[in-house]
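Below is one structure; the comments refer to it alone.
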Amino acid sequence: MGRTGSTFVCSAEVSREQPRGDGDQELVRVLIVEDHRVVAEGLSALINHQADMRVVGNAGTVAECVPIARELDPEIVLLDFRLPDGTGFEAAAAIRAVRPASKMIFLTREDTDAARFAAVQSGASAFIHKSRAAAEVVAAIRDVARGKMLITPRTISTLLAKRRAIEAQLDRLTPREREVLRLMAEGHPSRSIAAQLGISYTTVRTHIRSLGSKLAVHSKLEAIVKARELGLIN
């Protein structure tokens, strides 16, 4: 399986390296939740080439994946973090409500602590970046189907510690400071922020100075990074 950017392209050559198993084994049933058609088709071809697993359904949105999961009862759900109508976390939660036994694998181009923490919160068994090799994706499906947890306790502990630190920073900000930071991160100049919030330009500058003191935010780039860390923007 090759890739263009983070787009999967099926390669039967990679798949043939995997054990074919015997004809009597029960197939691992996989649901793919992915809104990019080329990626979904490449994953489907890769998985269906294996003797021990089959794609039973595809969904491109959170709304689509729930009735499909309810009807087809997948053992494994392979899902992206970014979907048109929500996140992988929301998709995983919705699927668990109707099929609590389904096991989640996040397969995404998102390489952030926020995405990893969402995977942990959703009870996912694995988090795989889309740049990883095809063989790793197939191996992860097999491992998770056998009951393995590929997100290690150390990773979970580290993410929880980072989350607590982020929440502590967020708690230091007033509601108005959060609004100012969000608008700064979205690229709005100070006078535009003042107009949108119905406050004076001087008050906006005061809030920005306070944010700089509390969070060490002194530029648009730093504001974007910090606002994403705090969950104020996507």
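Filtered by the rule that a residue be within 13 Å of the chain's Cα centre (by Cα) and either farther than 21 Å from Asp143 by Cα or open to solvent by 30 Å² or more (accessible area, probe 1.4 Å) (or both), region 90-110 gives Glu90, Ala91, Ala93, Arg109, Glu110. Please indicate, with yes or no, whether at least one residue in region 68-79 is assigned to a helix (DSSP H, G or I), of a type in the set (Val, Ile, Thr), at pLDDT 95 or above and under 19 Å from Ala101 (Cα atoms). Yes, that holds for at least one residue. For region 64-84, filtered to residues that are in contact (Cβ under 8 Å) with a residue 40 or more places away in the chain and more than 24 Å from Ala139 (Cα to Cα), the residue that is least open to solvent (accessible area, probe 1.4 Å) is Leu83. Among the conditions (1) in a helix (DSSP H, G or I); (2) farther than 27 Å from Ala227 by Cα, Ala91 misses just one, which is (2). Residues in region 130-171 that are of a type outside the set (A, V, I, L, M, F, W, C), touching a residue at least 24 places away in the same chain (Cβ under 8 Å) and open to solvent by 40 Å² or more (accessible area, probe 1.4 Å) were compared, and the one that is nearest to Thr108 (Cα to Cα) is Ser131.
Just one of (1) open to solvent by 50 Å² or more (accessible area, probe 1.4 Å); (2) closer than 29 Å to Glu229 by Cβ; (3) small (Gly, Ala, Ser) trips up Ala118, so point out which. It fails just one condition, (1).
Only one entry of Thr87, Thr61 meets the criterion of being polar (S, T, N, Q) and surrounded by fewer than 20 Cβ atoms within 10 Å (Cβ to Cβ), and that entry is Thr61. Criterion applied to Val137, Val120, Val56 was being outside any helix (DSSP H, G or I) and aliphatic (A, V, I, L, M), and the one residue passing it is Val56.
The values are calculated or read from the model by the stated rules, or taken from the named source; none is laboratory data. All values derive from a computational prediction rather than experimental measurement. Here the Cβ is made from the backbone with ideal geometry for all residues, glycine too, and neighbour counts use every protein chain on show. Side chains included, ligands, DNA and RNA excluded: accessible areas come from the protein's heavy atoms. Shrake-Rupley method; radii C 1.70, N 1.55, O 1.52, S 1.80 Å.
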